[in-house]
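Every read-out reported here was derived from the displayed coordinates using simple, explicitly stated rules and does not represent laboratory data. Keep in mind the model is a prediction, meaning the values are calculated, not measured. Please note: Cβ atoms are built from the backbone with ideal geometry, for glycine as well, and neighbour counts cover all protein chains shown.
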There are 2 protein chains.
Amino acid sequence: MNNQLYDVIHRRRDVRGQFTGEPVPDEVLHRVLSAAHAAPSVGLSQPWDFLVVRDVRLRGAFHDHVQHERATFAATLDGEAAQRFARIKIDGVLESTLSVVVTYDADRGGPAVLGRHAIADAGLYSVCLAIQNLWLAATAERLGVGWVSFYREPFVQDLLGIPTGIRPVAWLCLGPVTHLEETPDLERHGWRRRRPLAAVLHHDRWGAHPA
Amino acid sequence: MNNQLYDVIHRRRDVRGQFTGEPVPDEVLHRVLSAAHAAPSVGLSQPWDFLVVRDVRLRGAFHDHVQHERATFAATLDGEAAQRFARIKIDGVLESTLSVVVTYDADRGGPAVLGRHAIADAGLYSVCLAIQNLWLAATAERLGVGWVSFYREPFVQDLLGIPTGIRPVAWLCLGPVTHLEETPDLERHGWRRRRPLAAVLHHDRWGAHPA
């Protein structure tokens with residue numbers, strides 16, 4: 001009975017190169033965004049917004065910005081890492097059908113957001129829970145999602161007219177894909193390997209690892 | 001085919017009062033934590049750790065701290081809000097079977113974490129994606145999860161021996177429940193109502209809402 005959920009969780013990939021650009025039916029997009037909107041949030045503040053970006057000029061301008069930030073990061077790498085990075089595609093902004101930009105409004109539900117007085121970032125956490133719901137729903141709908149994080153937040157705010165005080169949290173590329181890779185891109189390209197679960201498990205206190 | 005995923009996403013609740021304290025089989029906990037560990041992460045950094053806290057003294061000390069923070073928050077509320085808040089249970093730390101504390105290690109995968117040079121919080125975002133995987137997997141396993149956020153991070157670090165530089169992100173209560181409520185607790189108690197999806201949707205640019 002739980003097979004589908006686990007299947008989706010483990011099949012889900014961060015997609016860069018497999019987008020086809022085919023249309024996403026409105027009802028599918030609605031199911032995916034409704035899943036995101038059903039996420040838990042601190043004090044039921046639901047502090048997220050979703051900008052569905054289809055405009056090719058907006059996506060083109062963002063893509064140019066991403067390429068600039070790619071060069072900025074590449075310049076920090078030494079020889080071997082630089083060579084590995086050169087092989088890695090970091091975004092599918094132009095090839096994917098559309099983008100969903102997810103933002104955080106710290107004022108929503110205020111001034112007294114239940115559960116946020118001691119942890120200022122709790123609202124930001126809520127937005128990320130919505131993003132993971134979106135990602136899993138899209139995977140179940142046989143769509144790919146790619147989270148692009150090579151950008152400066154003020155650039156995206158300016159590009160999309162996002163008001164001061166609202167923070168862009170994610171630029172997600174979305175759309176049909178030829179397939180999902182079995183192994184994450186960064187592992188396939190030798191950038192980094194996944195760790196076993198046991199390495200990050202502790203019993204009661206930090207450092208008490210299972211036998 | 002996607003019904004189970006959507007069912008889980010929409011049935012999921014933030015549980016406070018319905019924990020039974022019954023055992024969680026090891027293989028179930030392993031599936032739930034494996035689901036968390038399968039989350040996407042910036043630069044494949046997997047910057048999370050999971051502390052499975054069963055020790056009753058540790059949970060009791062945390063519960064006392066939560067009560068203190070509850071009083072701190074209550075003191076900021078005016079008459080009507082204070083009355084509403086008084087009816088709301090904010091944690092099930094003692095009644096639930098166990099807790100899972102999720103942390104963030106900003107150094108993991110460094111110094112050059114691919115995708116984090118422009119957005120320092122991207123690693124924190126990854127941890128939250130893992131938390132939502134955990135939450136959905138637990139829901140599918142007919143367990144409840146309650147995210148408690150009435151605490152100060154240094155208290156939890158000290159209580160569980162979490163090293164400096166590792167940040168607690170979530171204290172999650174976990175275990176079998178009598179049932180999941182259909183309506184979120186905060187809505188049932190009149191604290192706040194959920195907004196419709198249409199209120200948070202924008203087309204291309206901020207403020208361009210669907211017709």
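Take B:S34 and decide whether it is closer than 26 Å to A:R205 by Cα and within 20 Å of the chain's Cα centre (by Cα). So that I can check it myself, show each step before the final result.
Details: closer than 26 Å to A:R205 by Cα: yes; within 20 Å of the chain's Cα centre (by Cα): yes.
Yes, satisfied.
Within the range A:134-169, the set of residues being in a helix (DSSP H, G or I) and free of Cβ contacts under 8 Å to residues at least 60 places away in the same chain comprises A:E153, A:P154, A:Q157, A:D158. Every condition in (1) more than 9 Å from chain B (Cβ to nearest Cβ); (2) surrounded by 21 or more Cβ atoms within 10 Å (Cβ to Cβ); (3) among the hydroxyl-bearing types (S, T, Y) is met by A:T164 except one, and the failing one is (2).
Of all residues assigned to the range A:104-116, none qualifies as being under 27 Å from B:H30 (Cα atoms) and either touching a Phe, Trp or Tyr at 6+ places or on another chain (Cβ under 6 Å) or not acidic (D, E) (or both).
Taking the conditions exactly as written (closer than 29 Å to B:N133 by Cβ, surrounded by 18 or more Cβ atoms within 10 Å (Cβ to Cβ), at the interface with chain B (Cβ under 7 Å from one of its Cβ atoms) and in contact with a His (Cβ under 8 Å, 6 or more places away or on another chain)), does A:L44 satisfy them or not? Working first, answer last.
Numbers: closer than 29 Å to B:N133 by Cβ: yes; surrounded by 18 or more Cβ atoms within 10 Å (Cβ to Cβ): yes; at the interface with chain B (Cβ under 7 Å from one of its Cβ atoms): yes; in contact with a His (Cβ under 8 Å, 6 or more places away or on another chain): no.
In short, no.
Looking across the range B:75-121, the residues that are acidic (D, E) and assigned to a loop (DSSP other than H, G, I, E, B) come down to B:D78, B:D91, B:E95, B:D107, B:D121. Taken over the range A:51-72, residues that are out of contact with any strand residue (DSSP E or B) (no Cβ under 6 Å at 6 or more places or on another chain), over 15 Å from A:F155 (Cβ atoms) and surrounded by 13 or more Cβ atoms within 10 Å (Cβ to Cβ) amount to 1. Restricting the range A:1-37 to residues that are of a type in the set (G, A, S) and crowded, with 19+ Cβ neighbours inside 10 Å, the residue that is nearest to A:L94 (Cα to Cα) is A:A36.
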